[in-house]
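Okay, structure first, notes after.
Computed from the coordinates by the stated procedures, all read-outs in this text should not be read as laboratory data. Not measured: the values here are computed from a predicted model. Every residue, glycine among them, receives a Cβ derived from its backbone with ideal geometry; neighbour counts consider all protein chains shown.
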Amino acid sequence: MQLVVARIGRAHGIKGDVTVEVRTDEPELRLAPGAVLATDPPSTGPLTIETGRVHSGRLLLRFEGVKDRTAAEALRNTLLIADVDPEELPEEEDEYYDHQLMDLDVVTADGVEVGRITEISHLPSQDLFIVERPDGSEVMIPFVEEIVAEIDLAEQKAVITPPPGLIDDRAEIASSRDSGDSQDSEDES
């Protein structure tokens, strides 16, 4: 199985280094020196990582055969793709690869069907499940332990405990105005 692990950004310096936008939770494994990565577009690869380092919070890579800024700049916006065994699991127990989560059925803890995961959106603050509901509409569910109670790969389902209003329109709104009866009786005195 092929997974996108990074996107090449702009050239850095004059010796062929490039910045990369990391798209994997395991950059030390997927983007290590010696790794051979397929590319999109395919005509720019495969690329073999020669060196890698962090500079000002960004990962910089240098590829074999890319020796100057011009060659590095020609790689800009190229996607780096790693071959991953579909049976491989992440090192941490509560971590999952996107391909493991795709197409899982999403149900509430009391068994109500919500839909099916069609996409995973990786945001800076958290990941989101994009879930297609049976009626064709979509709902976004934050992939946080307070909401996603269980991922059961054997049963191909994600069990959620959504707060009111996340998957339905019946949000419970609590405000000081809701207790207006006591305020009204004080005003009348």
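Brief remarks on what is shown
- Taking a Cβ cut-off of under 14 Å around GLU146, the surrounding Lys, Arg, Asp and Glu residues balance to a net charge of -4, with basic ones at +1 and acidic ones at -1.
- Theoretical gain in end-to-end length, ARG7 to LEU166 [0.36 nm per residue, Cα-Cα removed]: 54.0 nm
- Computing Rg and the Kirkwood Rh from the Cα coordinates of region 1-62 gives a ratio, Rg/Rh, of 0.93.
- In terms of its Cα atoms, the chain spans 84, 45, 30 Å along the principal axes, sorted from long to short.
- Residue-count net charge about GLU132 - beta-carbon cut-off 15 Å; Lys, Arg +1, Asp, Glu -1: -3
- Note that region 138-152 has calculated 3J(HN,Hα) couplings of 10, 9, 9, 10, x, 8, 10, 5, 5, 10, 8, 6, 7, 10, 10 Hz, one per residue in order, obtained from phi through the Karplus relation 6.51 cos²θ - 1.76 cosθ + 1.60 (θ = phi - 60°); glycine and proline are x.
- Cβ-defined net charge surrounding GLN156, 11 Å radius [Lys, Arg +1; Asp, Glu -1]: -2
- You can think of it this way: the chain between SER43 and GLU28 has 2.8 nm of extra reach, that is 0.36 nm per residue less the Cα-Cα gap.
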